[in-house]
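J.: Got a structure for you, questions after.
The values are calculated or read from the model by the stated rules, or taken from the named source; none is laboratory data. Predicted, not measured: the structure shown is a model, and the values here were computed from it. Cβ: placed from backbone, ideal geometry, glycine included. Neighbour counts: every protein chain shown.
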Amino acid sequence: MRKIVLDTETTGLDFRTGDRVIEIGCVELRGRQLTGQRFHAYINPERVIDPGAIAIHGLTNEFLADKPKFADIAADFMEFVRGAELVIHNAAFDVGFLNNELGLLQHESIEQICGEVIDTLRMAREMRPGKKNNLNALCSEFGVDNSGRQLHGALLDAELLAEVYLAMTRIRWKSNSTAPPSTTRWAARASVRRWWCCRPARRNSPTTPACWPKLPGKARDSASGATWRVCRRREPKRTRQACRSGAGKRRHGA
């Protein structure tokens with residue numbers, strides 16, 4: 001499905017106190033590839049920008065004085081994102097601001113215009129509990145070059161977030177109907193770390209696939225009761241395929 005990775009910059013932190021959107025940046029993903037299609041607009045907020053916000057994104061009232069108002073770009077923006085899934089970091093913030101802008105013009109909400117909204121901050125917190133999960137931290141974790149990011153910018157941040165999202169979701173595991181839900185959750189978490197399960201720690205274990213990814217050490221599946229020993233070394237693709245098909249046995253170092 002068509003996905004739009006989106007980011008905004010604003011005059012402050014809360015639209016309820018009158019803060020407005022001053023920049024929107026969007027990039028398009030199709031088939032897990034950036035298409036080169038993008039939407040970008042600077043917006044005159046018709047109000048003073050908070051000094052704290054200027055320190056983050058560097059956008060001043062002088063720079064935005066001759067830029068279009070949100071009403072002037074709303075139709076093009078809605079046309080670009082309509083029907084797509086949105087990928088946003090800290091989605092509640094951006095969606096709240098955009099819905100406020102659209103509501104002031106009596107337009108549909110983001111939820112009505114688009115399909116699902118994917119919050120990469122929530123994804124990151126599930127994958128990396130207890131760690132920093134801002135965009136810079138995720139770029140560092142997944143090897144995305146953010147050396148050009150001196151200040152926040154909606155289009156630049158959307159491009160970086162697209163690369164981070166692709167890295168977060170690169171390994172996808174297909175589970176059959178017999179795989180317990182807890183196993184699928186383990187697979188999603190382990191996909192980030194590239195750790196692979198060797199084989200059950202005991203014989204005659206349940207039907208959970210022998211190569212299902214797990215976290216390091218030993219893991220116990222709460223649904224099936226199977227205990228798994230995990231190797232920290234990623235196997236060659238050929239070996240993984242052989243293990244999935246049950247062809248032959250192999251050994252790993254500790």
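J.: Take the residues of segment 135-165 that are free of Cβ contacts under 8 Å to residues at least 40 places away in the same chain and in a loop (DSSP other than H, G, I, E, B): which is nearest to GLY52 (Cα to Cα)?
T.: It comes out as GLN150.
J.: If you don't mind, there's one more thing I want to ask. Considering only residues that are small (Gly, Ala, Ser) and at pLDDT 50 or above, which ones fall in segment 152-187?
T.: Within segment 152-187, GLY153, ALA154, ALA158, ALA162, ALA167 meet the criteria.
J.: Filtering segment 84-128 down to residues that are out of contact with any strand residue (DSSP E or B) (no Cβ under 7 Å at 6 or more places or on another chain) and either part of a strand (DSSP E or B) or of a type in the set (Lys, Arg) (or both), which residue is surrounded by the most Cβ atoms within 10 Å (Cβ to Cβ)?
T.: So the residue we want is ARG128.
J.: Turning to a different aspect of this structure: Just give me the residues in segment 6-59 being under 19 Å from GLU101 (Cβ atoms) and among the aliphatic types (A, V, I, L, M), in sequence order.
T.: Residues satisfying the conditions are LEU6, LEU13, VAL21, ILE22, ILE24, ALA41, ILE43, VAL48, ILE49, ALA53, LEU59.
J.: Here is a check on your reading of the model: is GLN112 over 27 Å from LEU138 (Cβ atoms), of a type outside the set (Gly, Ala, Ser) and free of Cβ contacts under 8 Å to residues at least 12 places away in the same chain?
T.: Yes, satisfied.
J.: A further question on this structure: For the structure I just gave you, tell me whether THR35 is touching a strand residue (DSSP E or B) at 6+ places or on another chain (Cβ under 6 Å), hydroxyl-bearing (Ser, Thr, Tyr) and on the phi < 0 side of the Ramachandran plot.
T.: yes
J.: Residues of segment 96-151 being among the β-branched types (Val, Ile, Thr) and at pLDDT below 95, which ones?
T.: VAL144
J.: Residues being surrounded by fewer than 22 Cβ atoms within 10 Å (Cβ to Cβ) and farther than 19 Å from LYS69 by Cα: count how many of those fall in segment 18-37.
T.: 10
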